[in-house]
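Worksheet: the structure to be examined is printed underneath.
The values are calculated or read from the model by the stated rules, or taken from the named source; none is laboratory data. These figures come from a predicted structure and were not determined experimentally. A quick note on method: Cβ atoms are made from the backbone with ideal geometry, for glycine too, and the neighbour counts reach across all protein chains shown. Just the protein is used for accessible areas: all its heavy atoms, side chains included, with ligands, DNA and RNA removed. Shrake-Rupley method; radii C 1.70, N 1.55, O 1.52, S 1.80 Å.
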Amino acid sequence: MSPSQLLDRIRVHGAIPRHVAIIMDGNGRWARERMLPRPLGHRSGMKSVREVVEGSLEAGVEVLSLFAFSQENWQRPRVEVSALMSLLEEYIQRESDELQAQGVRVRVLGDVDRLQGAARAAVDRVCAQTAHNTRLTLNLFISYGSRAELVRAARLLAEDVAAGRLAPDAIDEAAFAAKLFTADCPDPDLLIRTSGEQRLSNFLLWQLAYTELFISPVLWPDFGRSNLFEAILDYQNRDRRFGRVAV
Ligand code: FPP
């Protein structure tokens with residue numbers, strides 16, 4: 001089925017997920033299969049980023065969250081880390097005008113203070129440039145780890161309590177969620193992980209509590225908008241009960 005036929009199906013089939021999160025995995029294997037260095041797998045993965053952003057706009061998704069670089073990824077070989085940082089900068093350079101024209105608000109979530117030089121400048125620029133857009137929020141998780149995000153939230157609440165701004169018994173789920181990077185986003189409805197791996201890898205542990213999971217065998221550089229639309233169609237067949245019984 002062509003992408004536009006899949007899109008037609010989605011439109012008549014059911015509710016569109018408001019928030020789609022993706023663990024983009026398999027760039028290294030894609031490169032190895034072609035006897036190419038790993039950074040070329042990441043480079044090829046950039047066009048899949050473009051595909052899912054455009055696909056999300058076409059389908060009417062409100063928030064797209066992409067896990068682009070984990071805190072653990074800083075431990076990869078220096079050449080791979082610097083290739084990923086250069087790609088991030090290049091992606092922003094190449095795409096920011098188009099993202100702006102399409103009404104995409106870009107946010108970079110994670111320990112951004114570890115980003116340096118040109119990559120940091122590019123991130124700050126695109127976030128400021130697109131801050132007022134409303135059609136799609138693109139959350140790029142960079143230097144991100146969910147446990148660190150949870151610890152940070154606990155620390156922020158503790159600071160509020162210590163300063164007398166918050167009573168301990170006022171800490172509830174909503175107060176906790178308000179201290180996460182994703183405070184103003186709905187929780188993801190659908191999580192896609194590519195390359196067949198069945199792990200959360202320290203991504204959005206709090207936010208994924210009731211999210212539907214879709215594991216795709218496709219390696220990230222081969223993932224296109226048709227694959228996104230197929231995942232959405234699959235999601236539309238799920239029976240979401242949030243721990244309750246069906247009525
Ligand atoms: C996982 O594949 C992928 C990454 C660590 C990086 C993802 C980065 C991109 C898609 C490119 C740039 C992104 C943006 C937003 C500009 P892996 O290396 O773990 O693959 P493997 O498991 O096959 O080794």
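Of note:
Condition check ((1) open to solvent by less than 70 Å² (accessible area, probe 1.4 Å); (2) at pLDDT below 95; (3) in contact with a Gly (Cβ under 9 Å, 6 or more places away or on another chain)) across all residues:
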site: A178; (1), (2), (3): yes, no, no
site: C185; (1), (2), (3): yes, no, no
site: P188; (1), (2), (3): yes, no, no
site: L191; (1), (2), (3): yes, no, no
site: G196; (1), (2), (3): yes, no, yes
site: F214; (1), (2), (3): yes, no, no
site: P217; (1), (2), (3): no, no, yes
site: D222; (1), (2), (3): no, no, yes
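- Evaluation of L36 against (1) more than 21 Å from L190 (Cβ to Cβ); (2) within 13 Å of the ligand (Cβ to nearest atom); (3) of a type in the set (A, V, I, L, M, F, W, C); (4) outside any loop (DSSP other than H, G, I, E, B) (one fails), failing number: (4)
- Those helices (runs of 4 or more DSSP H) of the range 134-247 in which at least 1 residues are closer than 30 Å to E33 by Cβ and in contact with a Pro (Cβ under 9 Å, 6 or more places away or on another chain), considering only elements entirely within it, cover 225-236.
- Any hit, the range 106-125, residues being open to solvent by less than 10 Å² (accessible area, probe 1.4 Å), touching a Cys at 6+ places or on another chain (Cβ under 7 Å) and modelled with pLDDT of 95 or more: yes
- Top-ranked residue of the range 44-59 - restricted to ones that are over 17 Å from D189 (Cα atoms) and surrounded by 20 or more Cβ atoms within 10 Å (Cβ to Cβ), ranked as nearest to the ligand (Cβ to nearest atom): G45
- Of all residues in the range 60-79, those being surrounded by fewer than 17 Cβ atoms within 10 Å (Cβ to Cβ) and near the ligand (Cβ under 10 Å from one of its atoms) number 3.
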